[in-house]
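**Student:** Quick one: this structure, given as structure tokens, is what I'll be asking you about.
Where a number appears in this text, it was derived from the coordinates with a stated rule and is not lab data. If you're wondering where the values come from, they're calculated on a predicted model, not measured in any experiment. Here the Cβ positions follow ideal geometry from the backbone for every residue, glycine too, while neighbour counts run over all protein chains shown.
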Amino acid sequence: MQEDEIFINRQLCIEDVAEMLNTNRNYLSQLINETFAMNFNNYINEFSVHKARKLLINSEFFNYAIEAIASEAGFHSKATFNTSFKKFAGVTPSFFKNNQ
């Protein structure tokens, strides 16, 4: 997940990941639930938030709008990005960016 960054694909679904891993969606869903205590969407969003945090402190992305950072990290909506970022980082993306 981290190496290939498949989570930046905004159309990624559990069926796609299950196929990549040569398993079925039910097994993968159960594995994620039991191992990480979260559903597939939250699992993917956590990786995307981690990438967004890196981008927000990267000087090459300093002039990017928050929406552009969200898109680069694999989010397809600003609302989902803001909600997920706050959930996994504890602060809003704007606050994080302004306080680095």
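**Student:** I need the fraction of alpha carbon pairs in the stretch 6-98 separated by more than 22 Å, rounded to a whole percent.
**Tutor:** 30
**Student:** With r defined as the distance between the Cβ atoms of LEU21 and GLN100 and R0 fixed at 35 Å, what FRET efficiency is calculated, to the nearest 0.05?
**Tutor:** The value I calculate is 0.50.
**Student:** Using the Cβ atoms and a cut-off under 12 Å, what net charge is assigned to the surroundings of PHE47, where Lys and Arg are +1 and Asp and Glu are -1?
**Tutor:** Working: positive: LYS51, ARG53, LYS54; negative: GLU3, ASP4, GLU5, GLU46.
Around PHE47, the surrounding residues sum to -1.
**Student:** I need the calculated FRET efficiency for the pair ILE8 and SER29, taking r as the beta carbon distance and R₀ as 30 Å, to the nearest 0.05. Don't skip to the end; give the middle numbers.
**Tutor:** On the way: r = 21 Å, r/R0 = 0.70.
That gives a FRET efficiency of 0.90.
**Student:** Based on the mean of other Cβ atoms within 10 Å per residue, sort peptides 3-14, 38-49 so the most packed one is first.
**Tutor:** On the way: 3-14: 13.2, 38-49: 19.0.
Sorting 3-14, 38-49 by mean packing, highest first, produces 38-49, 3-14.
**Student:** Let me ask something else about it. Among SER59, SER84, SER71, which one shows the highest mean-square fluctuation when the chain is modelled as a Gaussian network with alpha-carbon springs under 10 Å?
**Tutor:** Comparing SER59, SER84, SER71 in a Gaussian network model of the chain, the most mobile one is SER59.
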